[in-house]
Ligand code: F6P
Ligand code: MG
């Protein structure tokens, strides 16, 4: 019997509310992201033109290839410029062109229903749909060109930001190294493990502060501040966690000892955040008896600027293993370099042994992973992506990282802040044990004490969107009798 699609009793966030972050995003942030893509392709075309001049007399076929690629690059630039033009003038969203890649029919079917409802323009479409649609359309513009198919317009930005994270990464590697000597004692001492667990979960939470779709200009000191780890930093930050289910998730995890449980990580951003996800996964598998396997769920194509793609996942391990990746830093000791090598070598072994697995490497993994690049809230995941729903239903814990995953869990609609988290995630509630680690960078937020929210609003705090505040939301799975 086909279950009805869940309908929330509240409207979605959209740019018609000019005081909301979605309005800011369509007016300011998306145009910057599109301009950055145009500038990036421009720079590449300039390099190609120079190379074509150099090889013209030496390698004709290479010169021809470069001129064809340059011509296609110019077409992409005019497509994205046209997109910026239409966006700024609140034109209609056009159908995603057939590029032989995933979800074309699904995006266009949703767009049809928005058209029926007369909210299919850039300033009227639901924010969640429009933003996912934007990245799917960018994908199509590259896919439709022979020499640019599958191109990641954000890879340089992602790598550039990752290279700036060396100091914090070496510090974390040494922290993990110090655990090595305590390993055996730790495994049998839940109280000690609890302290470490809290440090690890907060390091992983705040790792989400570094998403590039929001942070376009960051100075090295901003980055260092964002990435400060360690006990003091975390204590200082705990007041910024407005919903804190750390205790509840630890009590649940403690019931999983020695049962060979699997952890599923629904990833968010590449670089430093992915590094913190690896560290948290490593801690749970190596130093606790609660999990023995971890599956990491990426996006299938470049998404929200910095989200992890399969290429990012693989490159991250090789970058961390290369002693030349991070620029030399006077504060980094040779010991820390060795600690990082040792730790990442362990991760590499875990990947080789299938203890750490990328979901796209699992049979049927590609199909399962498509859902994360879709425009839908997660409410009806079991209907829209039964393979994925079935897979996650078998998990010991599913960790959803970041703001976009949170928006999709709660459907990006205008729930009152005091709405219980289980209510906001609708029919997905109870399907599997679920933990969301989110720094707030969009309006939707639930499970928060109304008084707390009011006080912050009265103080003029942009607690919903600044990325300075966070939510740790846990929900156990349904107990199968
Ligand atoms: O454009 C806003 C947004 O979609 C928000 O979800 C958030 O600000 C950002 O992009 C993505 O954040 P994250 O990487 O944490 O999902
Ligand atoms: Mg992201």
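Observations on the structure shown:
- Modelled spin-label separation between residue 10 and residue 74, with each label point placed 7 Å from Cα along the Cα-to-Cβ direction: 5.0 nm.
- Normalised by 2.2 N^0.38 Å, where N counts its residues, the alpha-carbon radius of gyration of region 310-382 equals 1.52.
- Directionally averaged projected area (convex hull, Cα atoms, region 349-481), nm²: 9.7 nm²
- Extended-chain gain in nm, criterion 0.36 nm per residue less alpha-carbon gap, residue 98 and residue 17: 25.9 nm
- If the segment from residue 90 to residue 331 were pulled out straight at 0.36 nm per residue, it would be longer than the present Cα-Cα gap by 81.8 nm.
- Each peptide in 469-478, 182-191, 93-102 receives the mean, over its residues, of other Cβ atoms within 10 Å, and ordering these scores from highest gives 469-478, 93-102, 182-191.
- Working from label points 7 Å from Cα in the Cα-to-Cβ sense, the residue 28 to residue 342 distance is 4.6 nm.
- Among 418-425, 28-35, the order from most to least packed when residues are scored by Cβ within 10 Å on average: 418-425, 28-35
- Cα gyration tensor shape of region 70-216, rounded if a/c is under 1.5, else prolate or oblate by comparing a/b with b/c: prolate
- Rounded if a/c under 1.5, otherwise prolate or oblate - the chain, Cα gyration tensor axes: oblate
- Projection of the Cα convex hull of region 1-112, averaged over all directions and equal to a quarter of that hull's surface, yields 10.7 nm².
- The listed peptides 401-412, 298-309, 328-339, 66-77, ordered by packing as a protection proxy, come out as 401-412, 298-309, 66-77, 328-339 (highest mean of other Cβ atoms within 10 Å first).
- Once the chain from residue 108 to residue 60 is taken as fully extended at 0.36 nm per residue, the excess over their C-alpha distance is 13.1 nm.
- Cα-projected label distance for residue 393 with residue 118, points at 7 Å along beta-carbon direction, nm: 4.2 nm
- Using the Cβ-Cβ distance between residue 478 and residue 187 with R0 set to 30 Å, the FRET efficiency from 1/(1 + (r/R0)^6) comes to roughly 0.50.
- Cα centroid separation, region 326-361 to region 381-432 (Å): 31 Å
Read-outs: derived from the displayed coordinates by stated rules, not from any lab. Fair warning: this is a prediction, and the values are worked out from it, not measured in the lab. Cβ coordinates were reconstructed from backbone atoms using ideal geometry, including for glycine residues, and neighbour counts include every protein chain displayed.
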